[in-house]
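Colleague: Structure incoming, see below.
The values are calculated or read from the model by the stated rules, or taken from the named source; none is laboratory data. Keep in mind the model is a prediction, meaning the values are calculated, not measured. Neighbour counts run over all protein chains shown; Cβ positions are idealised from the backbone, glycine included. Note: accessible area is taken over every heavy atom of the protein model, side chains too, but ligands, DNA and RNA are not part of it. Shrake-Rupley method; radii C 1.70, N 1.55, O 1.52, S 1.80 Å.
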Amino acid sequence: RKEVEQDPGPFNVPEGATVAFNCTYSNSASQSFFWYRQDCRKEPKLLMSVYSSGNEDGRFTAQLNRASQYISLLIRDSKLSDSATYLCVVMNSGNTPLVFGKGTRLSVIA
Amino acid sequence: EAQVTQNPRYLITVTGKKLTVTCSQNMNHEYMSWYRQDPGLGLRQIYYSMNVEVTDKGDVPEGYKVSRKEKRNFPLILESPSPNQTSLYFCASSDRVYNSPLHFGNGTRLTVT
């Protein structure tokens, strides 16, 4: 089983739709979790950290399920500008590098 | 402006001709890292550095070298590039590894013919 797995998509959704991505991780000792966004041919940028209690930033909600070892990202009221690849990122322990998923591609269509 | 600067943005070279991709950050970050990104394979870590004079191999270090003589710079060296090193390369830095966001450079698109 790969360390961090994501559905590659693409997810094609109409504007205004709600879309959710899941990401599973294999190491039960993983400590920190993040979602990054990457536009085509650009560098990844931090979208949000994922906290144990779940967290929300505007239209974006991130959740962590430690028992089932997955994190999720929910995007409400999708905009055209949300079209990008969303990378799930996991850190296993305090001094180990981050592990990136391969990303889920989202296309929001007018 | 806080940033990670990579140079060059685009590079076309021939097999065997040594090259260096520079990476510099102005945020006094301890942690720096190099990644390559290929279609279908995602971001793969090449080398990383926890601090000055401390470097470690990532997932795909073969064919690459790095150095960390000073905090701000973390160059990636390809002593003898080969076509399978054609890729999009990203340098990144963060304040510390734990729970800190990574700041990425703009990327270097390398083509080895």
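Rundown of residues vs (1) touching a residue at least 12 places away in the same chain (Cβ under 8 Å); (2) touching a Pro at 6+ places or on another chain (Cβ under 7 Å); (3) of a type in the set (Val, Ile, Thr), yes/no style:
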site: A:Val19; (1), (2), (3): yes, no, yes
site: A:Thr24; (1), (2), (3): yes, no, yes
site: A:Leu47; (1), (2), (3): yes, no, no
site: A:Ser53; (1), (2), (3): no, no, no
site: A:Arg59; (1), (2), (3): yes, no, no
site: A:Gln63; (1), (2), (3): yes, no, no
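Colleague: Give segment B:67-100 a look and list any residue that's within 14 Å of chain A (Cβ to nearest Cβ) and open to solvent by less than 50 Å² (accessible area, probe 1.4 Å), or say none.
Modeller: Just the residues of segment B:67-100 that are within 14 Å of chain A (Cβ to nearest Cβ), to begin with: B:74, B:87-100.
Selection gives B:Phe74, B:Ser87, B:Leu88, B:Tyr89, B:Phe90, B:Cys91, B:Ala92, B:Ser93, B:Ser94, B:Val97, B:Ser100.
Colleague: Which of the residues spanning segment A:40-64 are closer than 21 Å to A:Lys102 by Cβ, open to solvent by less than 60 Å² (accessible area, probe 1.4 Å) and either of a type in the set (Lys, Arg) or more than 13 Å from the chain's Cα centre (by Cα) (or both)?
Modeller: Listed by number, the list holds a single entry, A:Glu43.
Colleague: Test B:Tyr48 against the criterion of being at pLDDT below 95 and either away from every other protein chain (no Cβ under 14 Å) or not in a loop (DSSP other than H, G, I, E, B) (or both), and give yes or no.
Modeller: Working: at pLDDT below 95: yes; either away from every other protein chain (no Cβ under 14 Å) or not in a loop (DSSP other than H, G, I, E, B) (or both): yes.
In short, yes.
Colleague: Suppose we filter segment A:1-21 for residues that are assigned to a strand (DSSP E or B) and either of a type in the set (Val, Ile, Thr) or under 24 Å from A:Ala110 (Cα atoms) (or both); how many remain?
Modeller: Going residue by residue through segment A:1-21, those that are assigned to a strand (DSSP E or B) are A:4-6, A:11-14, A:19-21.
Then keep just the ones that are either of a type in the set (Val, Ile, Thr) or under 24 Å from A:Ala110 (Cα atoms) (or both); that gives A:4, A:11-14, A:19-21.
Number of matching residues: 8.
Colleague: While we're looking at this one, here's another question. Of the conditions (1) within 14 Å of chain B (Cβ to nearest Cβ); (2) within 13 Å of the chain's Cα centre (by Cα); (3) open to solvent by 10 Å² or more (accessible area, probe 1.4 Å), A:Cys88 fails just one. Which one is it?
Modeller: Condition not satisfied by A:Cys88: (3).
Colleague: In addition: Restricting to segment A:22-39, name every residue that is surrounded by fewer than 18 Cβ atoms within 10 Å (Cβ to Cβ) and either part of a loop (DSSP other than H, G, I, E, B) or on the phi > 0 side of the Ramachandran plot (or both).
Modeller: Filtering segment A:22-39 down to residues surrounded by fewer than 18 Cβ atoms within 10 Å (Cβ to Cβ) leaves A:22, A:26-29, A:31, A:39.
Within segment A:22-39, A:Ser26, A:Asn27, A:Ser28, A:Ala29, A:Gln31, A:Asp39 meet the criteria.
Colleague: Just to be sure I understand the filter: pairs with C-beta atoms under 6 Å, separated by 6 or more residues or on different chains, first member in segment B:1-12 and in contact (Cβ under 8 Å) with a residue 60 or more places away in the chain, second member surrounded by 14 or more Cβ atoms within 10 Å (Cβ to Cβ) and of a type in the set (Lys, Arg). Which pairs pass?
Modeller: Close Cβ pairs (under 6 Å, with a partner that is surrounded by 14 or more Cβ atoms within 10 Å (Cβ to Cβ) and of a type in the set (Lys, Arg)) amount to B:Tyr10/B:Arg109.
Colleague: Only one of these conditions is not met by A:Leu106: (1) part of a strand (DSSP E or B); (2) of a type outside the set (Gly, Ala, Ser); (3) within 14 Å of chain B (Cβ to nearest Cβ). Which number is it?
Modeller: Single failed check for A:Leu106: (3).
Colleague: Considering each residue of segment A:65-82, count those that are under 14 Å from the mean Cα position of the chain (by Cα) and either open to solvent by less than 40 Å² (accessible area, probe 1.4 Å) or in contact (Cβ under 8 Å) with a residue 60 or more places away in the chain (or both), and give that number.
Modeller: The qualifying residues number 6.
Colleague: If you take the residues in segment B:19-36 that are assigned to a strand (DSSP E or B) and open to solvent by 40 Å² or more (accessible area, probe 1.4 Å), which one is nearest to the other protein chains (Cβ to nearest Cβ)?
Modeller: Per the stated criteria, the residue is B:Thr22.
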